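In what follows, a structure is listed as structure tokens, so that the remarks can point back to it.
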Amino acid sequence: MNYQQTLNYLYAKLPMFTRVGAVAYKADIGNTVLFCNHLGNPEKKFKTIHVGGTNGKGSTSHMLAAILQKAGYKTGLYTSPHLKDFRERIKINGEMIAEQEVINFVAENEHLIEEISPSFFEVTVALAFDYFAKQQVDIAIIEVGLGGRLDSTNIISPEISVITNISFDHMNILGNTLIEIAGEKAGIIKEKTPVIIGEFQEEVAKVFIAKAEEKNAPIFFASNEWEISENEVIDLHRKATLQQGNRTFNLELDLTGSYQLKNVKTVLTAIDQIRLKGFEINDEDIESALSQVKKLTGLMGRWQILNQEPLIICDTGHNEDGIKEVLKNIEATPHQNLLMVIGMVKDKDISKVLSLLPKNAEYFFCSPDMPRAKPAEELMQEALAFDLKGEAFASIKCALIAAKYKAKPQDLIFIGGSTFVVAEVV
């Protein structure tokens, strides 16, 4: 098989969460253990940082990778889902895995795939671990796919664990309360392994503290570790001064979303712990890396500017807390009229998100090109109940063309509602 045939085989053969939803989720790590045993346990041959949480884990993972890469370490990065190219999920020093590596892995392990019928995600995790081991990375940043306790990535023994925050998402799998969701996320806390919690959230902090005590794991709440004294966006960089006692970082972040300030606190706290593990990282490496995360790692879709006049911005924030952060950024962005190109998936309760969206915007409802997508007409009808007015379009492309046609130079077009909407425009 060539590369495209290999991908087609995986897509056709294996249940893929991003396409079909919860039926693709395997609530145990048995297949991953089997697969990695078959491969000689590659996950034990390199050091890791494990990153979970509801929002911000992708940005946090990319920032950590950029810093370690800048400090001279051969750095693996495993994230999901991908936006444009499957190979975005598996990178070393910002370079995607080669197509031939994917072809070879599937060809060599096709018999096992046929035998144990893993999910798409389970195969991808095994491929990533195998690739990082063969390439002898110094360290790999491993982003949790969904939840934590039963996620395929949770077979690693990391140097540190990171949990960014907890909010409502994937309740049909993880639980209907923040306490239940936090319990699943806390499943990545390991014995005597430092854990960094991005935000101190009163309702769930006790879950993490209890799990850390059970595991004898030192615990740090990053939001309590750092203070932000200056913060503004100038020339496509967010300038921020962060202080911790006598220490000061003057940062120019190329990831300009206001929510990245939470992630930066998490990253700085994590770097302090990874330094204690023997990694040599100086402050200049940190400042330099955080000014060019997109260039070093290829991160896309986080408050990403696609056009000026009219200003067109996309963002992957899609759950309640993610949309709240998006709206903060829209409010802080000068514009006249707001046009929203919005699409969503059909297997989530979207009423909370719809209730938050601004009623004074003009909506261009659309549907991402995937089986899980909510039809644009359905979305439009549900939005009407929240007094959100607009039209439904046959595709994201058509919706964006219509929005551009209506927009004046001083207007703002926002594209989002789902990661899969953003994937079609970046």
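The values are calculated or read from the model by the stated rules, or taken from the named source; none is laboratory data. Predicted model, so just to flag it, every value in this text is computed and none were measured. Neighbour counts are summed over all protein chains in view; Cβ atoms, including those assigned to glycine, are modelled from backbone coordinates with ideal geometry. Remember, those area values only see protein heavy atoms, side chains included, never the ligands or the DNA or RNA. Shrake-Rupley method; radii C 1.70, N 1.55, O 1.52, S 1.80 Å.
Descriptive notes on the structure:
- Members of the stretch 356-407 found to be among the hydroxyl-bearing types (S, T, Y) and without any contact (Cβ under 8 Å) to a residue 12 or more places away in the chain, listed by number: Y405
- Each residue in the stretch 398-426 was checked for being under 19 Å from H318 (Cα atoms) and of a type outside the set (A, V, I, L, M), and 7 of them qualify.
- Selection from the stretch 185-214 of residues that are crowded, with 19+ Cβ neighbours inside 10 Å and either in contact with a helix residue (DSSP H, G or I) (Cβ under 7 Å, 6 or more places away or on another chain) or not assigned by the TED database to the domain that holds E227 (or both): A186, I189, P194, V195, I196, I197, G198, E199, V204, V207, F208, K211
- From the list K262, K277, the one residue that fits, being more than 29 Å from D349 (Cβ to Cβ), of a type in the set (K, R) and either touching a residue at least 24 places away in the same chain (Cβ under 8 Å) or open to solvent by 30 Å² or more (accessible area, probe 1.4 Å) (or both), is K277.
- Summed over the stretch 401-424, residues that are more than 24 Å from the chain's Cα centre (by Cα) and open to solvent by less than 40 Å² (accessible area, probe 1.4 Å) total 5.
- Selection of the stretch 139-175 for residues being farther than 21 Å from R89 by Cβ, modelled with pLDDT of 95 or more, in a loop (DSSP other than H, G, I, E, B) and not hydroxyl-bearing (S, T, Y) yields only E159.
- Boolean, D138 is in contact (Cβ under 8 Å) with a residue 60 or more places away in the chain and over 25 Å from Y9 (Cβ atoms): yes
- Among (1) part of a loop (DSSP other than H, G, I, E, B); (2) in contact with a strand residue (DSSP E or B) (Cβ under 7 Å, 6 or more places away or on another chain), the one test that P334 misses: (2)
Every residue, every condition in (1) crowded, with 19+ Cβ neighbours inside 10 Å; (2) out of contact with any Ser or Thr (no Cβ under 6 Å at 6 or more places or on another chain), yes or no:
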{"site": "G58", "(1), (2)": "yes, no"}
{"site": "H62", "(1), (2)": "yes, no"}
{"site": "G76", "(1), (2)": "yes, yes"}
{"site": "T79", "(1), (2)": "yes, no"}
{"site": "R89", "(1), (2)": "yes, no"}
{"site": "M96", "(1), (2)": "no, yes"}
